[in-house]
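Following: one structure in structure tokens, then a few remarks.
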Amino acid sequence: MERELFKLLPNTGNAASHILHRTPWAPPRAVSANGIHLTLEDGSKVIDAVGGTAVSCIGDGHPHVVAAVKDQVEKITYVFNVLLSNDPSEKLADYLVESSNGAFASVGFVSGGSEAMEAAMKTAIQYYQEKGEKERIHFIGREHSYHGATLGALAVGHHGSRRKLYEANLEKSTFHHVSTPYAARFLKEGETEAQYVERLEKELDDKFVELGGKTVIAFVAETVVGSSLGVVAAPPGYFTAVKQVCDKYGALIIYDEVMCGMGRMGTLHTWEKYADGVAPDISAVAKGLGGGYVPMGAVLLNGKVVKGIRSVGSYWHAGHTYSAHPLACAAALAVQEVIRDEQLLLNVNARGAQLESILKGRLLNPSSPAKPFIFDIRGGGLFWAIEFELPKPIVQAFGRMSFGLMVQLIGFKKGLLVLGVGRVDGVPGDHLLLAPAYNVTEEEVETIARLTVESIEEAVVQNVLKVIKAFKAAAALKAGANPS
């Protein structure tokens with residue numbers, strides 16, 4: 001069965017590629033794009049329903065961003081940010097601070113999400129070093145989390161398959177983990193969500209006590225868990241409880257909003273809606289900041305952290321060669337202007353509600369062959385996940401081919417780009433991610449939803465039900481009955 005399923009992998013003709021691709025196969029090449037519609041080298045077209053990985057937030061080729069990039073290229077393309085500043089970076093920083101409703105006082109720019117998380121942690125370390133609290137050396141992250149591909153980000157994260165290769169090289173003495181708030185999977189029988197939050201609060205408090213409360217630098221969390229579990233939001237009251245614990249011991253709170261932030265879930269910052277409105281001390285953003293037009297990330301800092309670093313006249317030690325790159329900042333500022341001026345957050349919420357309605361209406365309908373295998377359909381704004389639950393024997397029959405990846409590959413053949421993710425760290429269930437651009441139209445959402453449902457149902461009918469039928473036939477033969 002596994003061999004049959006791997007025939008779904010694309011035959012791209014790119015075997016001669018000298019790129020060290022992240023997959024064992026060379027992906028098909030895209031040659032042009034307009035909005036969320038991409039054209040491949042063979043002339044076929046696909047609709048991007050996941051924004052790459054929740055990156056492309058206004059689609060490709062928006063004239064305002066194209067003009068901003070062309071204009072900046074003609075002015076200045078690079079300065080080293082230690083020696084010189086530049087207008088685009090200053091204007092982008094102004095916008096990010098002024099749009100935060102007082103949550104942030106300063107911004108540090110980097111070139112992506114992993115860099116942003118590294119810079120967030122390094123900034124937190126520097127904050128306490130400058131204050132003279134040198135005994136603070138520990139970070140507390142959460143299980144089933146993913147914060148990036150660098151060694152530091154992998155250490156504070158807890159994504160087993162991504163960590164496995166580097167496990168021996170990860171610093172474990174200063175990185176620790178507590179349970180992630182995933183009520184759908186980990187709520188105990190008879191336990192209310194409020195009691196679940198209390199249990200998680202006690203676990204976090206106990207971890208502080210175990211490490212020595214005054215030795216902890218920060219608690220690190222995705223406000224909404226992205227790809228590792230599939231758009232999982234915490235129960236109400238969770239982040240309020242987290243803040244109480246961190247304040248009790250004087251530790252910082254770092255939010256990872258690389259994937260879920262910058263408008264993806266209907267508010268500029270996801271914590272405004274999905275973290276009880278509790279602002280962090282430091283936040284990392286990236287994907288929706290530059291919208292895929294440029295490699296871009298940022299660290300947003302509150303006044304307390306900025307004052308702690310600047311009060312002693314210190315350098316910010318978490319910067320890089322390409323930090324505050326003029327061209328990147330010009331593009332990112334233009335992306336944010338499009339989101340603001342075209343009032344795209346209103347569309348994010350409207351089209352998100354439309355997508356939710358269609359997916360639940362079709363996939364949870366008793367007539368759908370997929371319904372018995374849908375564990376959950378969840379999300380907000382334009383960030384959604386469909387989680388599947390298949391019987392263990394079927395999962396074993398599929399071997400290395402996860403059901404989520406199977407749906408992704410079937411969708412691609414139908415002209416749809418979605419992201420299928422396999423099981424994480426022993427938690428049952430694959431999931432499929434959807435994250436279209438903020439300016440997606442009503443008609444495009446209809447198409448995305450239809451192709452998604454068709455891909456899931458085809459995967460069920462052609463593979464899951466086929467395996468179930470084979471199991472039943474084998475059982476009948478074993479029992480001496482007629483398999484027909």
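The values are calculated or read from the model by the stated rules, or taken from the named source; none is laboratory data. Fair warning: this is a prediction, and the values are worked out from it, not measured in the lab. When we count neighbours, we look across all protein chains shown, and the Cβ atoms used for this are built from the backbone with ideal geometry, even at glycine. These area figures cover heavy atoms from the full protein model, side chains too; ligands, DNA and RNA do not enter into them. Shrake-Rupley method; radii C 1.70, N 1.55, O 1.52, S 1.80 Å.
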| task | Report the residue count in the range 318-344 for those that are open to solvent by less than 50 Å² (accessible area, probe 1.4 Å) and among the hydroxyl-bearing types (Ser, Thr, Tyr). | result | 1
| request: Could you pull out the residue among 66, 46, 55, 50 that is open to solvent by 50 Å² or more (accessible area, probe 1.4 Å), at pLDDT 95 or above, of a type outside the set (Lys, Arg) and not assigned by the TED database to the domain that holds residue 258? | output: 66
| query | Mind checking which residues of the range 432-466 are open to solvent by less than 40 Å² (accessible area, probe 1.4 Å), within 25 Å of the chain's Cα centre (by Cα) and β-branched (Val, Ile, Thr)? | reply | 440, 445, 448, 452, 453, 456
| request: Restrict the check to the range 345-360 and report whether at least one residue is crowded, with 16+ Cβ neighbours inside 10 Å and within 29 Å of residue 121 (Cα to Cα). | output: no
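Return yes or no: is residue 400 closer than 17 Å to residue 467 by Cβ and open to solvent by 60 Å² or more (accessible area, probe 1.4 Å)?
Spelling it out, residue 400 is indeed closer than 17 Å to residue 467 by Cβ and open to solvent by 60 Å² or more (accessible area, probe 1.4 Å).
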| request: Being among the charged types (D, E, K, R) and more than 30 Å from residue 69 (Cβ to Cβ) is the filter; apply it to the range 265-312 and report the residue that is surrounded by the most Cβ atoms within 10 Å (Cβ to Cβ). | output: 281
| Hey, residue 254 hits all of (1) closer than 25 Å to residue 329 by Cα; (2) open to solvent by 10 Å² or more (accessible area, probe 1.4 Å) but one; which does it fall short on? | (2)
| Pick from 377, 394: which is open to solvent by less than 40 Å² (accessible area, probe 1.4 Å) and under 30 Å from residue 274 (Cβ atoms)? | 377
| message | List pairs: first residue in the range 84-101 and at negative phi, second residue among the β-branched types (Val, Ile, Thr) and surrounded by 14 or more Cβ atoms within 10 Å (Cβ to Cβ) anywhere in the structure, Cβ distance under 6 angstrom, at least six positions apart or on different chains. | response | 86/79; 93/107; 96/107
| task | Output the residue which, of all residues in the range 207-237 that are farther than 22 Å from residue 113 by Cα and open to solvent by less than 20 Å² (accessible area, probe 1.4 Å), is nearest to the chain's Cα centre (by Cα). | result | 235
| request: Answer yes or no as to whether residue 463 is out of contact with any Cys (no Cβ under 9 Å at 6 or more places or on another chain) and in contact (Cβ under 8 Å) with a residue 12 or more places away in the chain. | output: yes
